[in-house]
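Below is one structure, written out as structure tokens, with a few remarks after it.
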Amino acid sequence: MTLRLCLDLNVWCAALLAQKKNRQNTACQTLVKIVSSRKCRWGKVELVISWGMLNRLEKVLVKDLQVSTLNAQMYLRSIEDYTLSSPQLTLGGTGIIPLHDTEDAHVLETSVAGKAQILVTANFRDFVDKNVEIIVENRHGVYRSADFLIHIVHPYLMMHWLNNLSSYPDL
């Protein structure tokens, strides 16, 4: 089983901020470790991410979080490296998903383009629209595209699944 996972930019930022505060094993840090190791208890993990997401992440790190340009670029290079074993670094989405925030739309479109099974985001509400069926309020929704579905999941719920389910859930 291969899990195709897209981590929203807020997950990458939260993992880095937790590390800067000397916190360990937060949900976001653990998700980044899973992506970096390319495996979890369910099997192989493939990261789905886009150049647009990486470019935006660099801007957020440098401008908003005051990370040095050099450290931000090193962080981005490590994320790029996570895609080397199975190239899932896409050019981006299609520009047709009508979310209120264009950045969130791009993340969802990247998930669709990369055929991610799960999109993990701490900003769950930003991804809710008429095409998302809410399963658990503020924690789990399902986006249905023409030929497959994507689970939109909060990091805490994703960690709960990973810690408590012995195999990939039949979601």
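The values are calculated or read from the model by the stated rules, or taken from the named source; none is laboratory data. All values reported here derive from a predicted model rather than from experimental measurement. Neighbour counts run over all protein chains shown; Cβ positions are idealised from the backbone, glycine included. Quick note on the areas: whole protein, heavy atoms, side chains included, nothing else; ligands and nucleic acids left out. Shrake-Rupley method; radii C 1.70, N 1.55, O 1.52, S 1.80 Å.
Quick rundown of the values:
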quantity	calculated
Protein-only accessible surface order, largest first, of 110, 26 at 1.4 Å	26, 110
Accessible area, probe 1.4 Å, largest first, for residues 36, 111	36, 111
Debye, to nearest 20: dipole size of the chain, +1 on Lys, Arg Cβ, -1 on Asp, Glu Cβ	640
Cβ-based charge dipole, the chain, positive-most Cα from 160, 110, 50	160
With DNA, RNA and ligands ignored, accessible area of residue 126 (1.4 Å probe; Å², nearest 10)	70
Whichever lysines have a C-alpha closer than 23 Å to that of residue 20, once near sequence neighbours (fewer than 8 apart) are set aside	33, 59, 63
Three-way shape label, the range 1-51, alpha-carbon gyration tensor, a/c 1.5	oblate
Gain in span if fully extended, residue 2 to residue 137, counting 0.36 nm per residue against the direct Cα distance	45.9 nm
Carbon and sulfur %, accessible surface of the chain computed with the full protein complex present, 1.4 Å	50
About the Cα centre, charge dipole magnitude for the range 120-171 (Lys/Arg +1, Asp/Glu -1 at Cβ), debye	100
Solvent exposure, largest accessible area first (probe 1.4 Å, DNA, RNA and ligands not counted), of 34, 79, 135	135, 34, 79
